[in-house]
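K.L.:
One structure coming up, written as structure tokens, with questions to follow.
The values are calculated or read from the model by the stated rules, or taken from the named source; none is laboratory data. Keep in mind the model is a prediction, meaning the values are calculated, not measured. Cβ sites come from the backbone with ideal geometry, for glycine too, and all protein chains shown count toward neighbours.
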Amino acid sequence: MRRLFSLFLAGLLLAGSARAHSGKARFHAIIDTDCAADDLRTLCMLLGNREVEVLAVATSEGALTPEESARRVAALLRGFWHEGIPVGAGRGSQVAAPAWRSCSERVNWGEAADGPLPPAGEVIDRALTLEEEPVTVVALGALTNWADLLDRRPDLRRKIARIVWYDDDTPGGGANYRADTTAARRVLACDVPVEIVSVDPAVPMAVTPSLLDSVASVGTAYARKIVATHREAPLAELVGAGHLKVWDDLVAVYLFRPELFARRPQSGRIVPTASPEVLARAVTGILRGRPDSESRVFYGFPVESGLYAADVEPIVAQTIALHGPSEWRAGVLTNELHGHLGIYAIVGVKMGIRAREYFAIGVDDIQVVSAAGCTPPVSCLNDGLQVATGATLGHGLIGVVGEGAPRPEATFRFRDKTIRLTLRPEYAERIRRDVATGVERFGGLTEDYWQYVRGLALQYWLDFDRHRMFELREE
């Protein structure tokens, strides 16, 4: 069976590789960070916006050592369920630790991962090799990894559209320049475009309690992470004292709103020309994202409870709050397609969203092989998988293995990584037991039975947590 999965998946890859898909990300980015507090904010902004596809994260010398930064980034990604984004630790530049390292070490990025992480060079090389679109490098620390790339793999520089780097506009270069002066000079002298974003010292933008209130109003997991870290020690004290400024965050703002910046002729630095109030609105706008980032017909997606059937209306707000708008959207569209509120259709939605979440990608980018067969009720999983991932029959990105007993399981491949998701036995047993109760009470396929199944599907939609209901294995 494993060999059959592999052969089927290989066929899908060959069939799908020549197809172009709609809804591509606006930016395909590799992020390089030294894990200062402003880097955490920037990572959250970029990870939380569907217009950015984060290909990999590398770490460099600065606020923390590259090894410690890699552990912090891996923890942050795991907290957002983006375990599939590769993280690589760069080499140190042997400079003295900055004065803010002790503060940076106390910031809570998440539960640190055990074990070593791969070298940054390995992760960068793979990400650039596999990506078909031009890559934007978002550099928030030293340029060590990119100088090394120029020496190690000069052929890959053509894959880089530009490097957008934050460095203070100060005589002799800012902290990121000084963290590895040799690397900075090497990269700035090469033929890869480098755009250096800096703060305007005359109009600094502070991270204030009111800015955090605005971020909190966004309500996403990424916004909540920014607020939580900045309302606890050690950052809360710095916010209260007015010390924290929007520094590296300006790179994200510049990517999305370049019209708010201008290039200084003398230094070539790109600095904001907008007021702090306008920049603050840009920050929250990036965190909110576009309402139509997943839609092709709707501008946004209807979430007003009064638009839904009487038995659906009570769960709308709570389900969106618990599981997010992407899962709700996919669930609604799946059940309309499916013809009734189906139990395994809902399971398929949650499975597909979990797979996309793992890779941190949008729709139409993933190959799927389902083990659910073609016989209901388990095969209803396939409808949820198609809608949730965009891997539809029309795109040629999904296949169904017909041999063996159908089971709620699927394999997902994105670039060179494959995962397998399987419904945990306790969830499968609850479904079997609940459905058997309905058959016993109402008989098979009667109207009362279908109403009973509809009620179960609604309850599972609300109660089942996609982060707990599946076994996830990396293949």
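K.L.:
Which of the following residues is of a type in the set (A, V, I, L, M) and part of a helix (DSSP H, G or I): Val192, Val187, Val164, Val199?
P.N.:
None of the other options fit; the residue is Val187.
K.L.:
Quick one: is Thr437 surrounded by fewer than 16 Cβ atoms within 10 Å (Cβ to Cβ), at pLDDT below 95 and of a type in the set (S, T, N, Q)?
P.N.:
Answer is no for this residue.
K.L.:
So Ile315 ticks every box in (1) under 20 Å from Arg413 (Cβ atoms); (2) part of a helix (DSSP H, G or I); (3) touching a Leu at 6+ places or on another chain (Cβ under 6 Å) but one. Which box is left unticked?
P.N.:
Tallying (1) under 20 Å from Arg413 (Cβ atoms); (2) part of a helix (DSSP H, G or I); (3) touching a Leu at 6+ places or on another chain (Cβ under 6 Å), Ile315 fails exactly one: (1).
K.L.:
Exactly one of (1) of a type in the set (A, V, I, L, M); (2) farther than 15 Å from Leu458 by Cβ; (3) surrounded by fewer than 22 Cβ atoms within 10 Å (Cβ to Cβ); (4) touching a Phe, Trp or Tyr at 6+ places or on another chain (Cβ under 9 Å) is unmet by Ile320. Its number?
P.N.:
(2)
K.L.:
Which of the residues that make up segment 387-407 are crowded, with 24+ Cβ neighbours inside 10 Å and within 19 Å of Met469 (Cβ to Cβ)?
P.N.:
Those that are crowded, with 24+ Cβ neighbours inside 10 Å and within 19 Å of Met469 (Cβ to Cβ): Val387, Ala388, Thr389.
K.L.:
Answer yes or no as to whether Gly110 is modelled with pLDDT of 95 or more and of a type outside the set (D, E, K, R).
P.N.:
Yes; evaluated as a whole, the condition is true for this residue.
K.L.:
Suppose we keep only residues that are in contact (Cβ under 8 Å) with a residue 12 or more places away in the chain and on the phi > 0 side of the Ramachandran plot within segment 215-268. Which one would you say is nearest to the chain's Cα centre (by Cα)?
P.N.:
Filtering first and then ranking leaves Gly242.
K.L.:
Just to confirm my filter: which strands (runs of 3 or more DSSP E) fall fully inside segment 328-426 and include at least 2 residues that are under 30 Å from Asp125 (Cα atoms)?
P.N.:
367-370, 409-414, 417-423
K.L.:
Can you pull out the residues in segment 74-119 that are among the aromatic types (Phe, Trp, Tyr) and crowded, with 18+ Cβ neighbours inside 10 Å?
P.N.:
Scanning segment 74-119 gives Phe80, Trp109.
K.L.:
Scanning for something among the hydroxyl-bearing types (Ser, Thr, Tyr), in the same structural domain as Leu55 (by TED's automatic domain parsing) and in contact with an Asp or Glu (Cβ under 6 Å, 6 or more places away or on another chain), does segment 181-197 turn up at least one residue?
P.N.:
Looking through segment 181-197, none of the residues is among the hydroxyl-bearing types (Ser, Thr, Tyr), in the same structural domain as Leu55 (by TED's automatic domain parsing) and in contact with an Asp or Glu (Cβ under 6 Å, 6 or more places away or on another chain).
K.L.:
Then there's this: Considering each residue of segment 253-283, count those that are surrounded by fewer than 17 Cβ atoms within 10 Å (Cβ to Cβ) and outside any helix (DSSP H, G or I), and give that number.
P.N.:
9
K.L.:
Here is a further query. Within segment 284-303, does at least one residue satisfy the condition of being of a type outside the set (Asp, Glu), under 21 Å from Glu195 (Cα atoms), surrounded by 14 or more Cβ atoms within 10 Å (Cβ to Cβ) and out of contact with any helix residue (DSSP H, G or I) (no Cβ under 6 Å at 6 or more places or on another chain)? Step through it out loud before you land on a result.
P.N.:
Restricting attention to segment 284-303, the residues satisfying the condition of being of a type outside the set (Asp, Glu) are 284-291, 293, 295-303.
Retained after the next criterion (residues that are under 21 Å from Glu195 (Cα atoms)): 286.
Now restrict to residues that are surrounded by 14 or more Cβ atoms within 10 Å (Cβ to Cβ): 286.
Next, only the ones that are out of contact with any helix residue (DSSP H, G or I) (no Cβ under 6 Å at 6 or more places or on another chain) stay: none.
For segment 284-303, residues of a type outside the set (Asp, Glu), under 21 Å from Glu195 (Cα atoms), surrounded by 14 or more Cβ atoms within 10 Å (Cβ to Cβ) and out of contact with any helix residue (DSSP H, G or I) (no Cβ under 6 Å at 6 or more places or on another chain): absent.
K.L.:
Continuing with this model, one more query. Do you know which residues across segment 171-184 are within 25 Å of Pro154 (Cβ to Cβ) and assigned to a loop (DSSP other than H, G, I, E, B)?
P.N.:
Within segment 171-184, Gly173, Asp180 meet the criteria.
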